[in-house]
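The values are calculated or read from the model by the stated rules, or taken from the named source; none is laboratory data. This is a predicted model, so every value here is computed, not measured. Methodologically, a virtual Cβ is constructed for each residue, glycine included, from the backbone with ideal geometry; neighbour enumeration extends over all protein chains shown. Please note that ligands, DNA and RNA were not included when accessible areas were found on the heavy atoms of the full protein model with its side chains. Shrake-Rupley method; radii C 1.70, N 1.55, O 1.52, S 1.80 Å.
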Amino acid sequence: ACTGIENIDEAITLLEQNNWDLVAAINGVIPQENGILQSEYGVETLHGPAYGPTSHSTAASSAPSSSSAFRHVVPSRQIVERQPRMLDFRVEYRDRNVDVVLEDSSTVGDIKHILENELQIPASKMLLKGWKTGDVDDSTVLKSLHLPKNNSLYVLTPDLPPPSSSHSGALQESLNQNFMLIVTHREVQREYNLNFSGSSTIQEVKRNVYDLTSIPVRHQLWEGWPPSATDDSMTLAVSGLTFPCHRLTVGRRSSPVQTREQSEEQCTDVHMVSDSDGDDFEDATEFGVDDGEMFGVASSALRKSPMMPENAENEGDALLQFTAEFSSRYGDCHPVYFIGSLEAAFQEAFYGKARDRKLLAIYLHHDESVLTNVFCSQMLCAESIVSYLSQNFITWAWDMTKEANRARFLTMCTRHFGSVVAQTIRTQKTDQFPLFLIIMGKRSSNEVLNVIQGNTTVDELMMRLMAAMEIFSAQQQEDIKDEDEREARENVKREQDEAYRISLEADRAKREAQEREMAEQFRLEQIRKEQEEEREAIRLSLEQSLPPEPKEESTESVSKLRIRTPSGEFFERRFLASSKLQVVFDFVASKGYPWEEYKLLGTFPRRDVTQLDPNKSLLEVKLYPQETLFLEAKE
């Protein structure tokens with residue numbers, strides 16, 4: 001499992017050479033893909049590019065992530081007087097933050113190169129914004145920008161389509177993409193253009209290259225993998241490969257247990273290394289070349305109308321052809337096959353409301369099996385089977401006749417159901433097809449309830465479908481109960497939240513009304529104070545402008561006026577008879593009774609003095625030698 005060695009004689013030889021120490025034997029065979037060397041200064045120097053990401057996204061990531069990248073500096077043999085100045089950059093792109101640390105001698109293009117590996121976005125599509133000094137180009141040296149130690153930038157990609165609503169949607173899109181790997185065989189200087197889906201693993205690429213180059217996986221020496229491709233089980237979608245094309249180089253490394261003669265023999269016949277490379281050979285078509293093409297036989301000659309096109313880019317289009325070809329062969333009375341990817345079938349069957357969920361039935365067709373025609377015409381097209389499947393199942397189909405399609409399904413099977421189920425299907429012989437897989441979705445995984453082979457009857461098939469439905473119904477009832485309880489709790493919580501929100505709104509409205517009332521009272525009080533201050537100022541001004549009161553013994557004619565206020569108080573004053581009536585008005589106003597608000601009335605005869613001409617003298621208006629007046633507020 002660790003080394004890929006399946007020849008037991010070779011394995012025993014390795015163990016004997018290492019005194020039956022299993023760990024030592026494995027370490028002696030497995031090549032160190034990313035070797036670690038010790039420099040003179042005891043610093044570990046990684047083989048690879050000058051910089052790379054320090055953390056990598058995996059296929060299990062579902063939430064927005066924050067990763068970082070650094071530029072690796074290899075220690076020099078010479079003593080450097082001045083340590084390079086390091087700059088920290090926090091780069092924001094949509095829902096991600098990437099931390100980049102670079103020397104100030106680096107360029108803006110170096111930052112884009114790191115972001116290209118980390119964000120999987122071509123550098124030519126990036127617009128790096130946020131520079132304090134304005135826009136810069138890729139050749140600009142960071143030192144020339146005089147940047148602080150900590151900087152914040154952001155990436156714009158106007159030429160790229162917006163991301164999907166969730167990270168899982170973006171990852172799924174990457175898994176469905178096809179990568180073109182241009183692999184150069186170093187020893188023979190030959191290039192191979194290989195197509196792989198994003199869901200393929202690095203291990204699958206290496207196994208397929210083995211069939212092209214005759215270099216076993218354990219003896220392959222690669223160049224060109226991204227720094228993030230640290231695990232052979234990693235899918236191409238998350239390995240950091242350049243999309244849509246990526247260049248790789250492969251060569252042969254010598255096995256530690258080979259003699260010189262063995263090495264020479266291996267150059268002429270690689271199958272002498274292992275007698276049991278059947279599994280590697282079975283998956284050889286994952287890179288897009290089937291058995292017929294490898295041995296010079298055109299596979300299209302075997303059947304004019306295949307059930308499914310080979311190497312179809314879109315699973316939905318492949319299933320459309322499958323359905324049409326199935327109808328033309330066996331009639332229109334057949335199960336309704338789901339048109340779409342296997343992931344979409346999962347969504348339709350397992351991820352709706354508990355009451356609406358169904359079992360997933362996967363039909364695996366094989367044209368070269370002697371049981372196929374009987375199974376399709378008599379079992380799958382039976383009205384009872386068709387009716388039962390349409391009511392209780394989502395039915396998805398795949399054609400396993402072509403090796404490329406077979407390898408593609410095994411890859412999907414490994415990803416969704418695990419290696420055990422994939423190995424079970426891989427070991428099925430051609431005459432055991434067609435297969436009918438019954439899948440039930442669970443909370444954390446998908447469970448294969450049953451694998452039905454082609455040598456069955458209608459009654460047995462129906463019984464096994466019904467048995468699967470009994471298991472599913474019991475699980476569905478539990479899921480419905482849990483879902484109802486969860487919805488009840490969520491409804492209570494929503495009602496409580498709504499009541500709390502309404503209470504907050506009422507409290508806020510009450511508080512705002514009180515604040516408005518207090519503000520209005522304060523405003524009116526300010527206006528009142530300002531009016532009082534203004535009136536007091538006017539009163540003082542009038543009081544100061546009054547002429548001095550004449551004395552009783554004055555030789556001039558003096559008029560003595562007695563004025564009664566609305567409150568019943570009296571005040572008296574002497575005025576010169578020659579004084580104007582306006583002086584009396586000013587005197588009354590200086591006491592707080594402005595003539596704009598009060599009337600000054602005479603007694604006998606009753607008259608409104610304020611209606612008289614204020615420029616006439618007291619003598620002229622007959623307020624001499626004395627008179628009693630009273631004040632009355634105007635209406």
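Under the classification rounded if a/c is under 1.5, otherwise prolate if a/b is larger than b/c and oblate if not, where does the stretch 341-395 fall, given a ≥ b ≥ c as square roots of the Cα gyration tensor eigenvalues? Before the final figure, lay out the partial values.
Working: a/c = 4.95, a/b = 1.76, b/c = 2.82.
It comes out oblate by the Cα gyration axes.
Accessible area of S578, 1.4 Å probe, to the nearest 10 Å²?
80 Å²
How large is log10 I(q)/I(0) at q = 0.22, 0.26 Å⁻¹ when the Debye formula is applied to the Cα atoms of the stretch 558-633, each weighted equally and without solvent?
-0.97, -1.44
Out of the stretch 502-611, which trypsin sites (Lys or Arg not before Pro) are coil in DSSP terms and have no more than 13 other C-beta atoms within 10 Å?
Values: sites: R508, K510, R511, R516, R523, R528, K529, R535, R539, K551, K560, R562, R564, R573, R574, K580, K591, K599, R606, R607; in loops: K551, K591, R606.
Those that pass, being in a loop and sparsely packed, are K551, R606.
Tell me, what % of the accessible area of the stretch 558-633 is carbon and sulfur with a 1.4 angstrom probe? Display every interim value, and only then the final one.
Numbers: 1990 of 4060 Å².
Reported share for carbon and sulfur atoms: 49 percent.
Kindly report, to the nearest 10 Å², the accessible surface of E530 as traced by a 1.4 Å probe over protein heavy atoms only.
We get 110 Å² for E530.
To the nearest 20 debye, what is the magnitude of the charge dipole of the stretch 306-545 about its Cα centre, counting +1 on the Cβ of each Lys and Arg and -1 on the Cβ of each Asp and Glu?
On the way: 29 positive and 43 negative charges, 146 e Å.
Roughly 700 debye for the stretch 306-545.
Taking 7 Å along the Cα-to-C-beta vector as the label spot, tell me the A537-F243 distance in nanometres, rounded to one decimal.
With each label point 7 Å from Cα toward Cβ, the separation is 7.5 nm.
Give me the distance between the Cα centres of the stretch 375-415 and the stretch 455-524, rounded to whole Å.
After rounding, the separation between the Cα centres reads 37 Å.
Using the eigenvalues of the Cα gyration tensor, what equivalent ellipsoid semi-axes result for the stretch 518-583 when each is taken as the square root of five times the eigenvalue, whole Å, largest first? Don't skip to the end; give the middle numbers.
Values: eigenvalues 272, 41, 13 Å².
Each semi-axis is the square root of five times an eigenvalue, giving 37, 14, 8 Å.
With an 8 Å Cα cut-off and a minimum separation of 6 or more residues, compute the relative contact order for the stretch 86-156 in percent.
45 percent
Can you list which of the GluC sites (Glu not before Pro) found in the stretch 187-218 are DSSP loop residues with at most 16 other C-beta atoms within 10 Å? It would help to have the intermediate numbers written out before the result.
Values: sites: E187, E191, E204; in loops: E187.
Those satisfying the criteria are E187.
Report, by chain and number, residues whose modeled amide H sits under 5 Å from the one on R562, excluding near sequence neighbours (fewer than 5 apart, same chain).
Here the answer is E627, T628, L629, since their amide H atoms fall under 5 Å of that of R562.
Kindly flag which residue pairs out of K442/K493; K591/K622; K529/K551 have an alpha-carbon separation exceeding 29 Å in this structure. Show your work: numbers first, answer last.
Details: K442/K493 27 Å; K591/K622 23 Å; K529/K551 38 Å.
From K442/K493; K591/K622; K529/K551, over 29 Å: K529/K551.
Pairs of Cα atoms under 8 Å, at least six residues apart: use those to get the relative contact order of the stretch 306-545, whole percent.
Details: 268 pairs, mean separation 43.7, N = 240.
So the answer I get is 18 percent.
Taking the highest mean first, how do the peptides 540-546, 616-622, 197-203 order by number of other beta carbon atoms within 10 angstrom per residue? Provide the component values of the computation, followed by the final result.
On the way: 540-546: 12.6, 616-622: 16.7, 197-203: 20.7.
Top to bottom by mean Cβ count within 10 Å: 197-203, 616-622, 540-546.
In Å, what is the Rg of the alpha-carbon atoms in the stretch 367-454, and how long is Dmax?
Answer for the stretch 367-454, Rg first and Dmax second: 13.6, 38 Å.
Would you mind getting the accessible area per residue of the stretch 86-156, heavy atoms of the protein chains only, 1.4 Å probe, in Å²? Show your work: numbers first, answer last.
Numbers: 3420 Å² over 71 residues.
Normalised by residue count, the accessible surface of the stretch 86-156 is 48 Å².
Compactness ratio of the stretch 306-417: Cα Rg over 2.2 N^0.38 Å, N = residue count?
That works out to 1.05 for the stretch 306-417.
I'd like the trypsin sites (Lys or Arg not before Pro) in the stretch 375-465 restricted to DSSP loop residues with at most 14 other Cβ atoms within 10 Å, sorted by number.
Values: sites: K402, R406, R408, R415, R426, K429, K442, R443, R464; in loops: K402, K429, K442, R443.
Filter output for the stretch 375-465: K429, K442, R443.
What distance in nm separates the two pseudo spin-label positions at Q391 and R85, each 7 Å out from Cα along the beta-carbon direction?
Modelled inter-label distance: 7.8 nm.
Report the accessible area of H219, computed with a 1.4 Å probe over the heavy atoms of all protein chains in place, in Å² rounded to the nearest 10.
Rounded to the nearest 10, the figure is 10 Å².
Per residue, how much accessible area does the stretch 306-545 show when a 1.4 Å probe rolls over the protein heavy atoms, in square angstrom?
Numbers: 13270 Å² over 240 residues.
Accessible surface, normalised per residue, equals 55 Å².
Let me check I've understood the local charge: for A513, count other residues with C-beta under 15 angstrom from its C-beta, Lys and Arg +1, Asp and Glu -1. What total comes out? Each step should come with its number before you reach the end.
Working: positive: R508, K510, R511, R516; negative: E505, D507, E512, E515, E517, E520.
Neighbourhood net charge equals -2.
Work out Dmax and Rg for the stretch 306-545 from the C-alpha atoms and quote the Rg first, both in angstrom.
When restricted to Cα atoms, the stretch 306-545 yields Rg and Dmax of 35.2, 128 Å.
For K132, K206, give me the order by solvent-accessible area with a 1.4 Å probe, most accessible first, ignoring ligands, DNA and RNA. Walk me through the numbers on the way to the answer.
Details: K132 180, K206 10 Å².
Result of the area sort, largest leading: K132, K206.
Based on the Cα atoms of the stretch 86-156, what semi-axes does the equivalent ellipsoid have, where each is the square root of 5 times one gyration tensor eigenvalue, given in whole Å with the largest first?
Semi-axis lengths for the stretch 86-156 are 17, 13, 12 Å.
Could you rank W398, W20 by how accessible they are, 1.4 Å probe, largest area first?
Details: W398 0, W20 155 Å².
Greatest to least solvent exposure: W20, W398.
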